[in-house]
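All of the numbers you see were taken from the coordinates with simple rules; none came from a lab. Predicted model only: the values in this text are computed from it and were never measured. Here the Cβ is made from the backbone with ideal geometry for all residues, glycine too, and neighbour counts use every protein chain on show.
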Amino acid sequence: MGLHLGGRRPALLVLFPLAVMADSRELDGIPESTLGTCAAVARAEVLLERDAAQEESGIAWNNHALEIGINVALGVIMGYVLDDWVDNSISAGIAIGMGETQILTQPVGAIRARKRYFAGDLSSAQDARESVRWTLTPLTWPHASGIVIGARF
């Protein structure tokens, strides 16, 4: 029920990846001789603003409301159709928990970098980076499902 709905979100990330990955490669490709120029700084500011805005849209309140609303609606529909309120309530609760966990563990590095930049903190991103970042994502395949736990360090 709701678990399969939550499993589609990672597929959307594959089809529409966060721009920050390509932007990072673009910034790394800027020659060192032009790093301090106004054009390079302006381009980096544009990319940072776009990436932070994309990350903010991924964790916005409407994603939480939509995810909870859809799973509650599916739980009610399935509970009514199958006349099994207990199991479908449990399934909806699990789906909501997994969906919320996925939303809350999305990358927010560009948001943090933009805050540091506007605060005048120009320290290296390596200095500001946390040592380990955890992610949790539902996984659904035709004959299997589960949870993928990831760590990046």
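Remark: spin-label model distance Ser24-Ala73 equals 3.5 nm, labels positioned 7 Å along the Cα→Cβ axis. Simple spin-label estimate for Ser123 and Ala42 gives 3.1 nm between the two label positions (7 Å along the Cα-to-Cβ direction from each Cα). A simple rule links phi to the HN-Hα coupling: the Karplus curve 6.51 cos²θ - 1.76 cosθ + 1.60 with θ = phi - 60°, which for segment 133-142 gives 10, 9, 9, 9, 9, x, 10, 10, 10, x Hz, with x for Gly and Pro.
Length gained on full extension, Ala65 to Tyr80, computed as 0.36 nm times the residue gap minus the Cα-Cα distance: 3.2 nm.
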